[in-house]
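Below: one structure, written as structure tokens.
The values are calculated or read from the model by the stated rules, or taken from the named source; none is laboratory data. Because the structure is a prediction, the values reported are computed rather than measured. Glycine gets a Cβ as well: all are built from the backbone with ideal geometry, and neighbour counts include every protein chain shown.
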Amino acid sequence: MEIKNIKGIGYGLLAFGLLFILFSVYSMYSVYTGAEAAPSVIQMDGVKLSLPTGPGIPPMETELISGKESSTMTNMGLWFILMTFVASAGGRIGGLGVKLVRDIKVEVKNEG
């Protein structure tokens, strides 16, 4: 391959990697500021606690956290993990592009 073709591929990979990183940062920002909702992957039930009462009275049940809130927190955590993976992949792809763009200089020393 020609050096110009390799450098073109390198710049393309660098741009592609930067787009991955920017997409993941924008997506996390929009989810965590409330502009968009995290994709709903997991639906959870609420967490309830039975409080003891006096004799002959049924125990009181109170809800510690609602199912909607626990689902939202879990889905946001999963979204964070996914977007961290996407940003990491973008960094790796961009790193490959930088390696292809960089000039390689070889010096040969004649010993003797």
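Descriptive notes on the structure:
- Pairing residues of the range 62-86 that are touching a residue at least 60 places away in the same chain (Cβ under 8 Å) with residues that are surrounded by 14 or more Cβ atoms within 10 Å (Cβ to Cβ) and assigned to a helix (DSSP H, G or I), at Cβ distances under 9 Å and at least 6 apart in sequence or on separate chains, gives 84/24; 84/28; 86/20; 86/21; 86/23; 86/24; 86/27.
- First in the range 1-24 and over 15 Å from residue 94 (Cβ atoms), second anywhere and aromatic (Phe, Trp, Tyr) and surrounded by 14 or more Cβ atoms within 10 Å (Cβ to Cβ), Cβ under 7 Å, 6 or more apart: none
- Tallying residues that are of a type in the set (S, T, N, Q) and in contact with a Pro (Cβ under 8 Å, 6 or more places away or on another chain) within the range 65-107 yields 1.
- Of all residues in the range 59-72 being within 11 Å of residue 42 (Cα to Cα) and surrounded by 13 or more Cβ atoms within 10 Å (Cβ to Cβ), the one that is modelled with the lowest pLDDT: 67
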